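Just below is one structure, and these are the notes that go with it.
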Amino acid sequence: MKTPPDADEPRWLTEDEQRSWQAYVQANMLLEDHLDRQLQRDAGMPHVYYGLLVKLSWAPRHRMRMTELAEAAKITRSRLSHAVARMEKDGWVRREDCPDDKRGQNAVLTDKGLKVLQDTAPGHVTAVRTAIFDRLTPAQAEQFGTVCRIIADGLQPAGADLPWLR
């Protein structure tokens with residue numbers, strides 16, 4: 001008869017799970033480095049700044065509340081504030097008071113920021129495509145998206161200690 005696992009004992013990864021986990025860790029680190037190097041070389045910005053510019057470009061009137069932008073980017077409000085301050089110096093974004101809430105601020109994508117994004121996007125999409133999608137079959141790409149959404153959804157339950165709440 002098999003004894004039940006000890007409640008105090010961790011559920012260790014199987015060999016197959018460990019191989020998958022290590023492959024993910026390596027791929028994630030190498031991909032982030034690859035994208036950061038491409039964006040630094042082509043636009044003098046880290047990947048997180050590019051992501052913020054993209055989010056603002058998709059927003060109505062190219063503006064978002066800072067708290068909503070932090071949530072969309074999955075970063076702390078402190079990191080967002082630092083990034084926006086740097087991008088303000090470069091003239092890519094500006095802050096403005098929220099008209100309906102004087103305590104809140106909006107981040108606004110400037111024309112200069114939009115131009116930087118438009119100039120940088122072709123190189124960035126090429127870097128993403130060659131690093132990921134050109135290596136996968138269409139079915140694998142679909143599975144990849146499904147798996148990533150499952151993981152992301154599972155890490156954002158109600159009441160969780162999420163970065164944008166810090």
**Complete:** (1) of a type in the set (Gly, Ala, Ser); (2) touching an Asp or Glu at 6+ places or on another chain (Cβ under 6 Å); (3) under 25 Å from residue 64 (Cα atoms) all hold for residue 159 apart from (2)
**Complete:** residue 70 meets each of (1) open to solvent by less than 40 Å² (accessible area, probe 1.4 Å); (2) within 17 Å of residue 112 (Cα to Cα); (3) not aromatic (Phe, Trp, Tyr) with one exception, condition (2)
**Item:** Residue identified as surrounded by fewer than 20 Cβ atoms within 10 Å (Cβ to Cβ), touching a residue at least 60 places away in the same chain (Cβ under 8 Å) and of a type outside the set (Val, Ile, Thr) among 34, 82
**Value:** 34
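The values are calculated or read from the model by the stated rules, or taken from the named source; none is laboratory data. A quick note: this is a predicted structure, and the numbers were derived from the prediction, not measured. Please note: Cβ atoms are built from the backbone with ideal geometry, for glycine as well, and neighbour counts cover all protein chains shown. The protein model used for the area step is the full one, side chains on, heavy atoms only, and it has no ligands, DNA or RNA in it. Shrake-Rupley method; radii C 1.70, N 1.55, O 1.52, S 1.80 Å.
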